Amino acid sequence: MTTTLVRPAPPSAARVALARTRLELRLFARERQQVVFSFAYPIVMMVVFGSVLGGDVLPGGVPFPQYFLAGIAATGIMLTSFQSIATSIAAEREAGQLERLQVLGTPPVAYFAGKAGLVLVTAAVQLALLLPVAHWGYDVPLPAAAADWATFGWVAVLGSLAGTVLGIAVAGLPGSAQSLTTGVTAFAVVLQFFSGVFFAFPELPGWMQQVAAVFPLKWLTQGMRSAFLPDEAAAFEVAGGWEHGRTALVLVAWVIIGVVVCTRTFRWRSAER
Amino acid sequence: MTTTEWAPPAPTTADAPAVVVRGLAKSYGGRAVLDGLDLEVVRGECFALLGPNGAGKTTTIEVLEGVRSRDAGEVRVLDADPATAGRPWRARIGVVSQGEGAAQALTVREALDHFAAYHAGPRPTAELLAAVGLEEKAGTRVGRLSGGQRRRLAVALGVQGRPELVFLDEPTTGMDPVARRQFWELVRGLRAEGTTVLLTTHYLDEAAELADRVGVIADGRLVEVGPPAELGAQLRRVATVSWLEGGARRSVRTEAPGAVLRDLLATTPHEVPGLTVTRPGLEDVYLQLVGTPGGEQ
C-alpha cells in the first residue's frame, strides 16, 4: 500500500448535505411524537373544520372545505418547515450538537440543505395523506388540469424552502430553546390567522393583509388556492387574480436572501458566557 | 479505496511549532479569564494544560480550535490563525470537547458512520470502535451510554479524520480506571503516528503519564512549563524536616535538610521521635503553583 503525504480535500458541501439529509430523515423517523403530529395535524384540522363548517359557502360559490384545503395544506407545510426547523435547530444548538458540526468545519449551507431535504420529504408525505382525506371525506374536487398540479408542485416546494429559511433565521434569535419554541408556536398561530388560513383572506382587515404579505405563508396559501379553487375564484382575491408571478418572486426572494443572510449570521453555539 | 492510502506526514524538528500563543487575553462580562497567556507546543509532542476549574483551560483550547473569539494576543495553530482559518485547516485538527455532540437517538455505529462523511479518508468505524473499546456498545443508542462511554465516543469522533493535532478537553472525566488506562493507550498510539496532542486535565497522574511537557495555568496565565518530573524545580528543592519535640510536632522547611538534620542529631542525644524528611510531590508542587489554600504556603 502506498502512502501519500498530501491530505485530500474535504468532501464537498453537496456530499455533506446528502449525509445530513439521510441523518435528518432517520432521526425524524425515530421521533414518534413528531411523526404523528406532523402527519396527523393537517388531517385533524381538515376533519374538524370540514365537519363544523362543511356546509358554508364562500364568495365565488366555493364550498368551505375546498377553500380550507388550500389553507391547511399551506399551514401543514409551514409547520413542518418553519416551526419544526426553528425549534429543532434551537434544541440541537442547546444540546451541543452544532458545536460538533462547527469543529468539523461543516459548511452552514450543507446543514441547511439537510433541513430542507427533511422538510421536502415530510411535506410530500403530509400532503399525500391530506389530499385523499379532503377528496373522499369532504368531496373537495382535486385539480383536473396538469397546469394546476404543476402550480401545486412549485408552490409547495418554494413554500417549504421559504419556511425552512424563515425557521433557520428565527433559530438565530437569542434565548433558550424552550423560550424559542414558545415564541415560534405563538408566532405561527398568529401568522395563520393573518394569512387567511382559517378565514377568507379578502375579508381580513387591510393592515393584517399587509403584515401577512411580508411572510411566505400568505403567498403559499394564495398559491395553494390557485391550484385547488376554480379559475373564477381568482376574481375574489384582493388583487383580483392569483398573482403567480409575485408569489414566485416573494418566495424565491425569501429563499435566496434568507440563505445568504443565514449563512453569514448562523450561530453554532449558544451566546458566550 | 484511495481514501485509506493517506496518512498525516510525520512531524520533523524543522517544522514550525504546532501551536504558538502570545499574550492571549479574553474576558467575559468584564472578568478576565485569560490574562496574557503564552504557550508553545512543538510538533509531535503531548502537552498537558493543567489547572483548577475556572482557570481558563477550556477557553484557551476553544480559542485554539477557532470556535471562540479572543480579545487580544497572537495565535498560530498549524501555521494559521484559528479565528480566520477555513475548512482545509479544520480537517487537520481533531477536537474532543466536553460533550460528544451526536444525536441521542443514533446508535454509536450510526454516529461514527454518519460523521465519516465529513472527512476525506476517515478512520474506518470498526477501527475506531476497537480503539476506544466501544465494540460491544456499537448498537447502543448514544442517549443510553454511560458518562464514560460518551467520553470514549467523543474521543473516537475527535480522531476520526486522522488529525495532525488533537485537542482533548478533559478527555477522561467520568471514565473508570480501566477506561482511563485504555484511553492513555489510545493517546500513545496517536503519538506513535506522529500526532501532536494538546490536552487539558485536572488529573496530575494523567499529565505525568501522558505529557512530555506540562503547563500549569492559574488566573489566566501559564505560571510554569516543564516536563512533569521537573515541574516546580524551585519548589521541590525545599524539603520539610519534621519531628516530635515534647509531644508537639515541629517542622522546618529548608533547602538544606542535611544541615538541619546534623544540627538536630547533634543536639538530641537519643532517637528523634517521629522524624521525617519529605520533599513535595507533583501534587504539592501543583497546589502551590496554582495557589490553592490547601497547598503548603
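Laboratory data are not the source of any read-out in this text; all were calculated from the coordinates shown. Only a predicted model underlies this, so the values are computations on that prediction, with no experimental measurement involved. Note that we place each Cβ from the backbone using ideal geometry, even for glycine, and neighbour counts take in every protein chain shown.
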Name the residues whose placed amide hydrogens come within less than 5 Å of the amide hydrogen of B:Val166, ignoring near sequence neighbours (fewer than 5 apart) on the same chain. B:Gly94, B:Thr196, B:Val197, B:Leu198
Mind checking the mean number of beta-carbon atoms from other chains within 10 Å of the Cβ atoms in B:81-91? 3
Cα centroid of region A:197-273 to Cα centroid of region A:45-115, whole Å: 13 Å
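If we sort B:38-50, B:118-130 on the protection proxy, mean other Cβ atoms within 10 Å, highest first, what's the order?
Ranked from most to least packed, the peptides come out as B:38-50, B:118-130.
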Once amide hydrogens are built 1.01 Å from N within the peptide plane, the residues lying 5 or more places from B:Arg221 or on another chain with amide H under 5 Å from its amide H are B:Asp35
How tilted is helix B:257-267 with respect to the longest principal axis of chain B? Cα atoms for both, answer in degrees (0 to 90, nearest 10). 20 degrees
Here FRET efficiency (C-beta to C-beta, B:Glu127 to B:Trp184, R₀ 22 Å, nearest 0.05) is 0.75
Rank by packing, highest mean first: peptides B:102-110, A:126-134, A:215-223, with packing defined as the count of other Cβ atoms within 10 Å averaged across residues. A:215-223, B:102-110, A:126-134
Scalar couplings 3J(HN,Hα) for region A:196-203 by Karplus 6.51 cos²θ - 1.76 cosθ + 1.60 (θ = phi - 60°), nearest whole Hz, x for Gly and Pro, are x, 6, 9, 10, 5, 3, x, 7
Between A:Ser51 and A:Phe198, what is the label-to-label distance in nm when each label sits 7 Å out along the Cα-to-Cβ direction? 1.8 nm
With Cβ to Cβ distances under 11 Å as the rule, what net charge do the other residues near B:Tyr203 carry (K, R +1; D, E -1)? -4
Could you compute the net charge surrounding B:Asp169? Neighbours are other residues with a C-beta less than 10 Å from the C-beta of B:Asp169; K and R count +1, D and E count -1. -2
Relative contact order of chain A, pairs being alpha-carbon contacts under 8 Å that are 6 or more residues apart, as %: 28 percent
Shielding score for A:97-110, defined as the mean number of other chain Cβ atoms within 10 Å: 6
Which angle between 0 and 90 degrees, to the nearest 10, do you get for helix A:108-132 versus the longest principal axis of chain A when only C-alpha atoms count? 30 degrees
Run the quick spin-label model on B:Ala266 and A:Arg22: label points 7 Å from Cα toward the beta carbon, then report their separation in nm to one decimal. 8.2 nm
Got a sec to turn the phi values of region A:236-244 into Karplus ³J(HN,Hα) couplings, 6.51 cos²θ - 1.76 cosθ + 1.60 with θ = phi - 60°, whole Hz, x for Gly and Pro? 8, 5, 4, 8, x, x, 7, 6, 4
What does the structure give for B:105-114 when I average, per residue, the other chain Cβ atoms found within 10 Å of the residue Cβ? 2
Taking 25 Å as R0, compute the FRET efficiency from the Cβ-Cβ separation of A:Ala213 and A:Val189 and round it to 0.05. 0.85
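Using just the helices of chain A, give the 222 nm mean residue ellipticity in deg cm²/dmol: DSSP H runs with n ≥ 4 each add -39,500 (n - 2.57), and the total is spread over all residues, rounded to 500. Let's see the in-between values first.
On the way: 11 runs with 186 residues, N = 273.
For chain A, the value works out to -23000 deg cm²/dmol.
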Helix-only CD estimate at 222 nm, as mean residue ellipticity for chain B, using -39500 (n - 2.57) per DSSP H run (n ≥ 4): -8500 deg cm²/dmol
Packing-wise, with mean Cβ within 10 Å as the measure, how do A:234-246, A:57-69, A:97-109 rank, highest first? A:97-109, A:57-69, A:234-246
Most positive-pole-ward Cα, A:Ala145, A:Gly183, A:Thr106, against dipole of region A:13-265 from beta carbon charges: A:Thr106
How tilted is helix A:84-94 with respect to the longest principal axis of chain A? Cα atoms for both, answer in degrees (0 to 90, nearest 10). 30 degrees
Test item: Cα-centred dipole of chain B, Lys/Arg +1 and Asp/Glu -1 on Cβ, debye: 440 debye
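If you put +1 on each Lys and Arg Cβ and -1 on each Asp and Glu Cβ, how big is the dipole of the protein assembly as shown around its Cα centre, in Debye rounded to 20?
About 220 debye.
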May I ask you to evaluate 6.51 cos²θ - 1.76 cosθ + 1.60, the Karplus curve with θ = phi - 60°, for each residue of region A:249-257 and list the ³J(HN,Hα) values in order in whole Hz, giving x for glycine and proline? 4, 4, 5, 5, 4, 4, 5, 5, 4
Check B:Leu49: other-chain or 5+ apart residues with amide H under 5 Å from its amide H, H built from backbone geometry? B:Leu199, B:Thr200, B:Thr201, B:Gly215
